[in-house]
Amino acid sequence: MKSKPFSGADATQGLQTYLVGGAVRDLLLGRIPEEHDYVVVGASVEDMLARGFRQVGKDFPVFLHPQTQEEYALARTERKTAPGYRGFQVQSHPGVTLEEDLRRRDLTINAMAMDATGRLIDPHGGLADLKARILRHVSPAFVEDPVRILRLARFTAQLADLGFGIAEETLELARAMVAAGEVDALVPERVWQEMARALAADRPARFFEVLRDCGALARLLPELDRLWGVPQPPEWHPEIDTGVHVMLVLDMAARIAPELEVRFAALCHDLGKGVTPPEILPSHHGHEERGLVLVESICDRFRVPNRCRELARLTTAEHGRIHKVEELRAGTILELFERADAFRRPERFEQLLAVCEADFRGRTGYAERPYPQAEVWRRLFAAVAAVDTGTIARAAGEPRRIAEHLRAARLSAIRGVRPDLS
């Protein structure tokens, strides 16, 4: 089978160069590849350096093309020598074949190559699995690298819109890896890297559902895993199960906003429901405060970026009040604006509203319903933000009275939008 050939450049002339991995997969799916990775067969490090390539790989020979800056890796093999994802011995020399290089890859749809004419090299049936929408491991060596569990879950999320599922035998291998303790060797930075990429997908919930199905979620994110089976009041949550609700919210957030911090906050907003005292279920009074500790634990463990941590904390603490704007007093509304730092960071307040809309619509039967609370908050904020602080400061006279006058003016602005408020 032939597809669109890739372009070469002078530095690659005379080399056995193949487009590999995700770029080939995406071309065959009719998608534009986000990046192009190449494998070079029959060459040495010296050959590449002599052609002007710059070596960047530490664990194995990877080079940047002198003109395009795309990655070219020498064909290599890997042999498991110790537990964890770093316990490999890598061999790369001119005698390693393309087929040997493809054999070390995780999934059949990622183990295809294409030469400069567009000819497909597919020794593991990747094209057939691509057509059947199946994610399948290349070989039993899949179990040697725990990162492959994260990648399997991520690809399921990224390809969910095309209907991809996981071969049962591949899922069984993932479960065996978890049972053997392989995921315990994963470093937090790599887990976050894969999680962040999955959160960027159109259906990010599939990532966490796959991890739960193979048992990895309980080891990596027990705060999230314990939500499944926790009931919520059916009059507010027809889906009842808290874990199901959070997955609906996460996928809804992906529909509403592209930002990573919005999606991460959606994932974390109800963590406190997992530690609700059993005697008060299905009520979850106080889950916001209980959830803050869990958000901090996850963010510390995975070294989550501050912008994600801050929005997750803010959403966890405030989403209940955002939903109940019609019940709040003017002073409570103003205090929420202040806690959210909305006057200095209005874009983050808008992200808070996006997560809360996802929370509202992420319920069975609510996906297409409007969320009027968001517009109410926007009108309230616009009115308060329009208060001229300079004029207030000049009218206050004494500096110590400025804050008092400013608060009064902002409360008046809120009541101008909602005259019914006290």
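The values are calculated or read from the model by the stated rules, or taken from the named source; none is laboratory data. Source: prediction; values computed, not measured. We place every Cβ from the backbone using ideal geometry, glycine too, and count neighbours over all the protein chains shown.
Going residue by residue through the stretch 252-263, is there one that turns out to be in contact (Cβ under 8 Å) with a residue 12 or more places away in the chain, over 15 Å from Glu209 (Cβ atoms) and over 23 Å from the mean Cα position of the chain (by Cα)?
Checking the stretch 252-263: not a single residue is in contact (Cβ under 8 Å) with a residue 12 or more places away in the chain, over 15 Å from Glu209 (Cβ atoms) and over 23 Å from the mean Cα position of the chain (by Cα).
Tell me which residues, restricted to the stretch 226-248, are touching a helix residue (DSSP H, G or I) at 6+ places or on another chain (Cβ under 9 Å), surrounded by fewer than 19 Cβ atoms within 10 Å (Cβ to Cβ) and not aromatic (Phe, Trp, Tyr). Step through it out loud before you land on a result.
Going through the stretch 226-248, the residues touching a helix residue (DSSP H, G or I) at 6+ places or on another chain (Cβ under 9 Å) turn out to be 226-232, 237, 239, 242-243, 245-248.
Those still in the list that are surrounded by fewer than 19 Cβ atoms within 10 Å (Cβ to Cβ) too: 226, 228-229, 231, 239.
Within the stretch 226-248, Arg226, Gly229, Pro231, Glu239 meet the criteria.
Within the stretch 337-345, does at least one residue satisfy the condition of being in contact with a Lys or Arg (Cβ under 9 Å, 6 or more places away or on another chain), under 24 Å from Ile298 (Cα atoms) and either outside any loop (DSSP other than H, G, I, E, B) or aliphatic (A, V, I, L, M) (or both)? Can you show your working first?
Taking the stretch 337-345 and keeping what is in contact with a Lys or Arg (Cβ under 9 Å, 6 or more places away or on another chain), we get 337, 340-342.
Next, from what is left, pick out any that are under 24 Å from Ile298 (Cα atoms): 340-341.
The next check asks that each one be either outside any loop (DSSP other than H, G, I, E, B) or aliphatic (A, V, I, L, M) (or both); those that pass are 340.
There is at least one residue in the stretch 337-345 that is in contact with a Lys or Arg (Cβ under 9 Å, 6 or more places away or on another chain), under 24 Å from Ile298 (Cα atoms) and either outside any loop (DSSP other than H, G, I, E, B) or aliphatic (A, V, I, L, M) (or both).
Out of the residues in the stretch 105-148 that are touching a Lys or Arg at 6+ places or on another chain (Cβ under 9 Å), among the small types (Gly, Ala, Ser) and in a helix (DSSP H, G or I), which is farthest from Ala176 (Cα to Cα)?
My answer is Gly126.
Sort through Arg401, Arg369, Arg339, Arg344 and tell me the only one that's more than 28 Å from Met247 (Cα to Cα), surrounded by fewer than 16 Cβ atoms within 10 Å (Cβ to Cβ) and under 34 Å from the mean Cα position of the chain (by Cα).
Details: Arg401 fails: under 34 Å from the mean Cα position of the chain (by Cα); Arg369 fails: more than 28 Å from Met247 (Cα to Cα); Arg339 fails: more than 28 Å from Met247 (Cα to Cα).
The unique qualifying residue is Arg344.
For the list (1) more than 19 Å from the chain's Cα centre (by Cα); (2) surrounded by 21 or more Cβ atoms within 10 Å (Cβ to Cβ); (3) not charged (D, E, K, R), I need the number of the one condition that Ala185 fails.
Here Ala185 clears every test but (2).
Which one of these does Ala157 not meet: (1) assigned to a loop (DSSP other than H, G, I, E, B); (2) surrounded by 23 or more Cβ atoms within 10 Å (Cβ to Cβ); (3) not aromatic (Phe, Trp, Tyr)?
Among (1) assigned to a loop (DSSP other than H, G, I, E, B); (2) surrounded by 23 or more Cβ atoms within 10 Å (Cβ to Cβ); (3) not aromatic (Phe, Trp, Tyr), the lone unmet condition for Ala157 is (1).
In this structure, is Glu357 at pLDDT 95 or above and either in a helix (DSSP H, G or I) or among the hydroxyl-bearing types (Ser, Thr, Tyr) (or both)? Explain how you work it out, then say what you get.
Details: at pLDDT 95 or above: yes; either in a helix (DSSP H, G or I) or among the hydroxyl-bearing types (Ser, Thr, Tyr) (or both): yes.
Judged against the criteria, Glu357 is a match.
Scanning the stretch 45-72 for residues that are surrounded by fewer than 15 Cβ atoms within 10 Å (Cβ to Cβ), under 20 Å from Gly95 (Cβ atoms) and of a type in the set (D, E, K, R), which turns out modelled with the lowest pLDDT?
Ranking the qualifying residues of the stretch 45-72, first place goes to Asp59.
I'd like to verify a number: residues in the stretch 27-52 that are of a type in the set (A, V, I, L, M, F, W, C), assigned to a loop (DSSP other than H, G, I, E, B) and closer than 14 Å to Leu159 by Cβ, how many? Give the steps one after another, and end with the answer.
If we filter the stretch 27-52 for residues that are of a type in the set (A, V, I, L, M, F, W, C), which is where we start, we get 27-29, 32, 39-41, 43, 45, 48-50.
Adding the requirement that they be assigned to a loop (DSSP other than H, G, I, E, B) leaves 29, 32, 43.
Filter once more, keeping what is closer than 14 Å to Leu159 by Cβ: 29.
Qualifying residue count, the stretch 27-52: 1.
Output the number of residues of the stretch 238-291 satisfying the condition of being in a loop (DSSP other than H, G, I, E, B) and either within 30 Å of Glu347 (Cβ to Cβ) or among the β-branched types (Val, Ile, Thr) (or both). Give the derivation first.
Going through the stretch 238-291, the residues in a loop (DSSP other than H, G, I, E, B) turn out to be 238-240, 257-259, 269-270, 276-277, 281-286.
Next, from what is left, pick out any that are either within 30 Å of Glu347 (Cβ to Cβ) or among the β-branched types (Val, Ile, Thr) (or both): 240, 257-259, 269-270, 276, 284, 286.
Final tally of qualifying residues: 9.
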